[in-house]
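Single-structure report; data block below.
The values are calculated or read from the model by the stated rules, or taken from the named source; none is laboratory data. Keep in mind that this is a model prediction, so the values were computed, not measured. Note that we place each Cβ from the backbone using ideal geometry, even for glycine, and neighbour counts take in every protein chain shown.
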Amino acid sequence: MPEIEVKDRENKVVGKITLPENIFGLEVRKDILHTAVVNYLANQRQGTHATKTRGMVRGGGKKPWRQKHTGRARHGSIRSPLWKGGGVVFGPQPRDYSYKLPKKQKRLALKVALSAKLKDGELTVVDSLNFDKPRTKDMVAFLKGLNLDSSSVLVVTEDKDENVFLSARNIPGVDVMRAQDLNTYEVLVHQNLVITKDALKKIQEVWG
């Protein structure tokens, strides 16, 4: 079973912990990861894009000129797609892009993503992460102590910690997420993953 060192805020090793094989020891499958990421991005789309067809554009009720004997092409409305300011043919209309993946597939994708982070050495486990009050400087110092101040980081906590969240809110590339809210996209889009020991137990409970 895979093992990983547990570190404190100063990047000193304070112990080791065994990780569950069924979450952190899986083979990396790009097909599963790709499917999950495409699904996540599709579900984030608002789908509010819209263009006006000739029936939606205002005006154009009167025929521009008579049908014959003008020497010009025949037209029935100035809102025809052929005219400037006219409607759009086959333009985008509001739609729902979301779709569901099987639960087993979504869970497998997250586990594969976590396994990939461990295999690439981009996973860090810390013994604890507590701030007395919201302070960005404290979070910067914490990441600097782990040598992660120059990369995008996803900090995973057991439950919602307002002090931790507010301390990281103004740092570009740094996000905080509860263990039960983890998803494949957020794990992959951040270069490094920082998980507390308590959050690791929560991950085993929820996803194990």
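Quick one: which of LEU146, LEU129 is crowded, with 19+ Cβ neighbours inside 10 Å, assigned by TED's automatic domain parsing to the domain that holds ILE23 and in contact with a Lys or Arg (Cβ under 9 Å, 6 or more places away or on another chain)? Checking each option against the conditions leaves just LEU129. Screening the candidates GLY91, GLY87 for the property of being within 30 Å of TYR40 (Cα to Cα), in contact with a Ser or Thr (Cβ under 9 Å, 6 or more places away or on another chain) and not assigned by TED's automatic domain parsing to the domain that holds TYR40 yields one hit, GLY91.
Those residues that are within 18 Å of SER152 (Cβ to Cβ) and touching a strand residue (DSSP E or B) at 6+ places or on another chain (Cβ under 6 Å), I need them from the range 187-198; list them, please.
Going through the range 187-198, the residues within 18 Å of SER152 (Cβ to Cβ) turn out to be 187-195.
Answer for the range 187-198, where residues must be within 18 Å of SER152 (Cβ to Cβ) and touching a strand residue (DSSP E or B) at 6+ places or on another chain (Cβ under 6 Å): HIS190, ASN192, LEU193, VAL194, ILE195.
Residues that are under 30 Å from LYS100 (Cα atoms) and free of Cβ contacts under 8 Å to residues at least 12 places away in the same chain do occur in the range 45-61, at least one of them. The helices (runs of 4 or more DSSP H) falling completely within the range 153-208 that include 1 or more residues that are touching a residue at least 60 places away in the same chain (Cβ under 8 Å) map to 184-189, 197-207. Scan the range 20-46 for residues that are under 13 Å from the mean Cα position of the chain (by Cα) and of a type in the set (Val, Ile, Thr) and the total you get is 2. Can you say whether SER167 is in the same structural domain as PHE24 (by TED's automatic domain parsing), within 25 Å of LYS106 (Cβ to Cβ) and of a type outside the set (Val, Ile, Thr), as far as the supplied structure shows? It is false that SER167 is in the same structural domain as PHE24 (by TED's automatic domain parsing), within 25 Å of LYS106 (Cβ to Cβ) and of a type outside the set (Val, Ile, Thr).
Taken as a whole, the condition of being of a type in the set (Val, Ile, Thr) and either in contact with a strand residue (DSSP E or B) (Cβ under 6 Å, 6 or more places away or on another chain) or not assigned by TED's automatic domain parsing to the domain that holds VAL187 (or both) does not apply to VAL38. Failed condition for LYS106, given (1) more than 25 Å from VAL6 (Cβ to Cβ); (2) surrounded by fewer than 13 Cβ atoms within 10 Å (Cβ to Cβ); (3) charged (D, E, K, R), with all others met? In the conditions (1) more than 25 Å from VAL6 (Cβ to Cβ); (2) surrounded by fewer than 13 Cβ atoms within 10 Å (Cβ to Cβ); (3) charged (D, E, K, R), LYS106 misses (2) alone.
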